[in-house]
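Heads up: the structure comes next, in C-alpha cells.
Only the coordinates and a few stated rules stand behind these numbers; no lab work does. Keep in mind that what you see is a predicted model, and the values were worked out from it rather than measured. Because the Cβ atoms are built from the backbone with ideal geometry, glycine has one as well, and the counts that use them run over all protein chains shown.
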Amino acid sequence: MAFSANRSNVSGGSPRSATVRLERASSLTSNTSPTHPRSKAIPSATSPGRRPSRNGRDDSGVSGRVRVAVRLRPRNSEELKSDDVADYIELMPELKRLKLRKNNWDFETFQFDEILNETASQKRVYEVVAKPVVESVLEGYNGTVMAYGQTGTGKTFTLGKLGEDDAADRGIMVRAMEDILANASAEQDSVSVSYLQLYLETVQDLLAPEKDNLTISEDPRTGDVSLPGATCVEVRHPKSFLELLEAGEANRIAANTKMNTESSRSHALLLVNVKKSVKAKQEKESTASNENGSSLQLSKSHSLMTIRKSKLLIVDLAGSERVDKSGSEGHLLEEAKFINLSLTALGKCINALAENSPHVPIRDSKLTRLLRDSFGGTARTSLVITIGPSSQHRAETMSTILFGQRAMKVENMVKLREEFDYKSLCRKLEADLDRLIAENERQNKLVLDTEEQLQKRAEEAELTIQQAERKAKVLLEESHAKKLKLQKENLDSIRRLQQECSLLEKELKENAVKLQSEKEAAVVEKEMQIQNERAKKQQEKEEYIEEYQHKLEELNKKFEAERAERESIERRLQEIEDCMEGQNKLELDDQENLNELAKKMEEESHSRERATRELGEWKLQGAFIASNEEIEEQCKQKEVLEKEVKDLKQQMLQLSYDTDETRKVLEKGPTRVSLGAESPMSLSKAHHMRETVNGQRATIAKLFEQVGLHKILSLLESEDVDVRVHAVKVVANLAAEESNQEKIVESGGIVSLLRLLDSSQDDIIRRVAAGAIANLAMTETNQELIMAQNGTRLLVRTANETDDPQTLRMVAGAIANLCGNEKLQARLREDGGIIALLGMARSRHPDVLAQIARGIANFAKCESRAARGQKREKSLLIEDGALPWIVENATNEISAVRRHIELALCHLAQHGEILCYVIGECGGLDCSWGLMGTCSHIEGVFA
Ligand code: ADP
Ligand code: MG
C-alpha cells in the first residue's frame, strides 16, 4: 500500500552556527513509533525503509508514512429533516475500510488507517489521530496534525473545538496542549505557541492582529521553515492556552469581517514549539559531531544536557470544495485563484510525493512551504479527512477520500531534533580548563621542587655511600683478624676439653668400684641390726607373758573372794525371801524388806560390776597371750555364778510380780470403797481385801492339793474369762516355785499356757501367762518344749501386740531365758526372738530394759560358748542389729541393764564387727561407760 518516495530536502552549505544539529536516528526499527510504543499511528510495517536524502547525505531518519483517518460527521438537523438516506457511503471501522457507491450496483472500497464513524467521541478521535503525534513531539520529533475536508464536515469541530460548555467536546488542539503541558517540566522545559491564519497567501498573526503579513524564512542549511515575526507566547497552563485560543479565534473573526471573508476560506495554523532538556546518555567519551564532521571530545565529568526542540503543527485547512462550486460570493477571479492556491499546491505536492516524482512543488504556495516538514519531511504527520453524510456532497466526499488515499502514500523520514546545550557545556569546559591550568602549574612547581630535592638527596647519598665503604673496609679487616684469633682459641680449648674428659672418665670408673664395696658393707650391717631387734622383741614378749600370768593368778584370787561374797549375798537373799513371806502379814514390812533387798541387790550388783569390769579388762589383756582354755574355764566359773544370780533374780521377779498384784488389789480397794462414801463398811472391806491377798498363796497351795493340777490347767480353757484369769494366776503362782514346775510341765502346763497366750486378748491373762512361761523357761528341757510348741513365735507376737510394760517385762523375761539355751539359738533367732526382744525396748520401763539386756547377755554368752574359744566372724545378735542398742544402753543409768550389757560386750568382743562398731561409735566420743577402758584392749585383740 505504501510507496517509497524520494523527497526533496533542501540543504545548503551554511556557516557553522552556535548550535550543532544532531539528527540521530530513532531507535525504532520494527516498532511503529520511533520512541513511543503507543504511536501505532505510523506503522513501519508499511514503511519501505530508509531512503537516501536528496542531497545524498545520510539523514539517519526512520521512515514513517503519513497516517490518514476518515471521520464521518453525524447528520445535522437539516439532513435529518431532508430524509436524505446516506446509503452512498458505508463505513467498516473494524476492517478500517470505507465503501463508496459508484452506481446502483458497484461500490469502491478504500483502506485507511482509521475509520471513525459518526458516533466516535472527541476523545477517541484525539487518541487515534493526534496522540501518537503529540507523544512523538514530546520525544523530540516534529509533528503535524491536519484536517482536510469539505466545509461543514467538522474540521474545526475536530481540531479547534474549545469545549467550554462540554468538556467532552474539547478538540485536538486543546487536548494536545493539555498533554504537552502535563509532560513538560515547568523549570527546565518551555512550551510556546503561535496562532496564524493563511488567507490569500498572506500569513496573519492571530495573536497580534496588527501583524497581518508575516514572512516565511527558511534556514538554507537545515531547510527549517520559520516565521520570525510571529508572536510566540509561552504557555504554562491549559487555561491560559484556552484564553489564547479564544483571543486568536476572536481576532480571526474580526480579521475575516474586515476582509469580508469566511473562516472556511482560510487556513488556521497552530504552531507549538516544545523545548525539552534531556540529560545526555553517559558515555565514556561522548562525541558530538558538528556539521564539518569534526568531533569534539567531551569530558566524562560533564553531565551534558541535550535540548530537544520540536514543533507541533495543527492545521485546520480551508474547505476543500471548489470555490466556484460553493458559489464564492463576489470574489475577483484573481482572489478566487489565490483562495485555492495553497490547497491546490498541497494536493500537487502530495501527488508528487505519492508518485515518487522527482520534483515536488513545495515553493508553489505558502502553505506547502510551511508544511514542507510535514509531507516528505522529518515530521510525524497525521491527517484526518472529514466527510459529510449527505449524498449531495458525494462528489466532494469522493475527492476528499482520494486526497486521503494519496496522502497515505507519502513517506516521511522521522528524525530526532536534538542539540547539545553548548553554552552551558562551554561554560563548564572553560571552568575545567582554568582549574586544569592551575593544577598543571601546581604540578609543575611540585615536579621542580621534587627534582631539586632528589638532586640534593642523591649528592648526600653519594657521600654516605663513600663513607660507608670506607668503614666497611676497616671493619672487614678487623673482623678477619678477629676470626683468625678466635679459630686459634677454639683449637686450644678443644684440646683442653679432651684432656679433661679423659681424666673424668678415669675418676668415674674408680668411683663406681668404691660405691659397690660400700653398698655390700651396708647390707651386711642392716641384716645384723634386724636380727638384734628381733631378739630384743622376743625377750620383751616373754617378759610380758610372765607378767600377765602373774596378774591372772591375782584375778583368780579375786574371783574366789567374790564367790565368797556371792554366797553371803545368797544367804541374805534367803533371808529376804523369808522376810517376803512375812510380808503377807504386813504391807509396811513388805515395803521395807523390798527396799532393803533392792539396796542389797544394788550393792551386790555394784561389786559384781566392778569384778566383771576387772575380769573384762584382764580377759582382754589376757586374750593377748592367755590360752583359750584358761578363758573358757573362767567363763564356766562365771556361768555357774551367773546361774545362781539368775535363780535369785527369778525369785525376785516373781516376788515383785506378786507385790505388784498385791499393790494393785490394795489400790483398787479404796476406790471401790469411796463409792460407798464414808460408810463404816469401807474400812472393814479394805481390811478384808488385804486379808484375801495375804492368804492367796496359802489358798493356792490348798487348791493345788485339793483340786489337783489337771483340773486347774483345764480351767485355763474355761469359757468364763474370770475363771481363766484366776486359773492362770494360780498356775503362775505354782510355777514360781521350782518344786512345782516339773509337775506343771508333766501335766501339759506349757502347752495349756501357750494356748492361753495364743487365744487370749486379755492383758492380765497374757501378762500372767507370760510370767508363768518365763518361770518355766528356766530349764533346758522346758526351753526345748516351749520352742517345740512354737512358744517363741507366740511370745514374739505378744511382744508386738502389747504395750503394757508388765506384760512386756514377762515376755522379755521368757525370751531372755530362752536366749540362754545354746542349742536353740538359731531357732530362736529364726522365730524373730532377738528382733522382738530389741523391739520391746520401745517401752522405756527399766524392768523391761533389764530383761532385754539379760537376754542379750545370755545370747552372747551362748554364742561365745558355741564358738569354743574360736574367733568368730559373725554374731547372730549383731546381724539382727543388737549392737547399736547395746552401745546406746551401755551407759544406761539402770545398773542391771549396764551390767548385762557389759557381759554381752565381753562375749561379743570375739567378733570382728563389734570392734569396728565400738571404734566408730565410741572412738572419739566421750564414753563414760566402764568398758571404755576395755575398748582399747578390744582393739588390741583384733589388731
Ligand atoms: P468545517 O470546519 O469543516 O467547515 P465545522 O467544524 O464548522 O465544519 O462543522 C460544521 C457544523 O457541524 C458545526 O455546527 C459543527 O458543530 C457540526 N459538527 C461537525 N462535526 C460534528 C460532529 N462530529 N458531531 C457533532 N457536530 C458536528
Ligand atoms: Mg472550519
Practice item. Could you list which residues have their amide H under 5 Å from that of THR202, counting only those 5 or more apart in sequence or on another chain, with H placed in the peptide plane? Key: none
Point to revise | Using θ = phi - 60° and Karplus 6.51 cos²θ - 1.76 cosθ + 1.60, couplings along segment 529-545 (whole Hz; Gly, Pro as x) | key: 4, 4, 4, 4, 4, 4, 4, 5, 5, 4, 5, 4, 5, 4, 4, 5, 4
Revision key, fill the gap. Violations at 22 Å Cα threshold for listed pairs LYS131/LYS155; LYS643/LYS861; LYS123/LYS161; LYS155/LYS366; LYS99/LYS337 -> LYS99/LYS337
Practice item. About the Cα centre of segment 124-173, how large is the charge dipole given +1 on each Lys and Arg Cβ and -1 on each Asp and Glu Cβ? Please answer in debye to the nearest 20. Key: 180 debye
Point to revise | Paramagnetic reach from ARG394 in segment 73-113 [backbone N under 13 Å; point 7 Å along Cα→Cβ] | key: 85-90, 100-108
Point to revise | Long-range amide H partners of GLY149 with built H, under 5 Å | key: SER320, THR386
Practice item. Output ³J(HN,Hα) for segment 553-561: one whole-Hz value per residue in order, computed from phi by the Karplus curve 6.51 cos²θ - 1.76 cosθ + 1.60 with θ = phi - 60°, and x for Gly and Pro. Key: 4, 4, 4, 4, 4, 4, 4, 4, 4
Revision key, fill the gap. For segment 250-265, in residue order, the Karplus 3J(HN,Hα) values (coefficients 6.51, -1.76, 1.60; θ = phi - 60°; whole Hz; Gly and Pro = x) are 4, 4, 5, 4, 4, 5, 5, 4, 4, 8, 6, 10, 10, 5, 5, 8
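Subtract the Cα-Cα distance of ARG534 and ILE894 from 0.36 nm times their separation in residues, and report this length gain in nm to one decimal.
Gain on stretching ARG534 to ILE894: 124.7 nm.
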Review point. Of the peptides 723-729, 517-523, how do they stack up when ordered by the mean number of other Cβ atoms within 10 Å, highest first?
Key: 723-729, 517-523
Study note, to complete from the structure: Long-range amide H partners of TYR141, meaning residues 5 or more apart or on another chain whose placed amide H is closer than 5 Å, are ARG417
**Study point:** Peptides 109-119, 813-823, 209-219 ordered by average Cβ neighbours within 10 Å, highest first
**Key:** 813-823, 109-119, 209-219
Practice item. Rank-order 172-181, 99-108, 874-883 by packing density, defined as the average count of other C-beta atoms within 10 Å over each peptide's residues, highest first. Key: 172-181, 874-883, 99-108
Check your understanding: So for the pair GLN516, LEU486, with labels modelled 7 Å out along Cα→Cβ, what separation do we get in nm?
Key -> 4.7 nm
Point to revise | Gyration tensor (alpha-carbon) shape descriptor, segment 178-283, a/c threshold 1.5 | key: oblate
Check your understanding: How much length, in nm to one decimal, is gained on full extension between TYR544 and LYS99, taken as 0.36 nm per residue of separation minus their Cα-Cα distance?
Key -> 144.2 nm
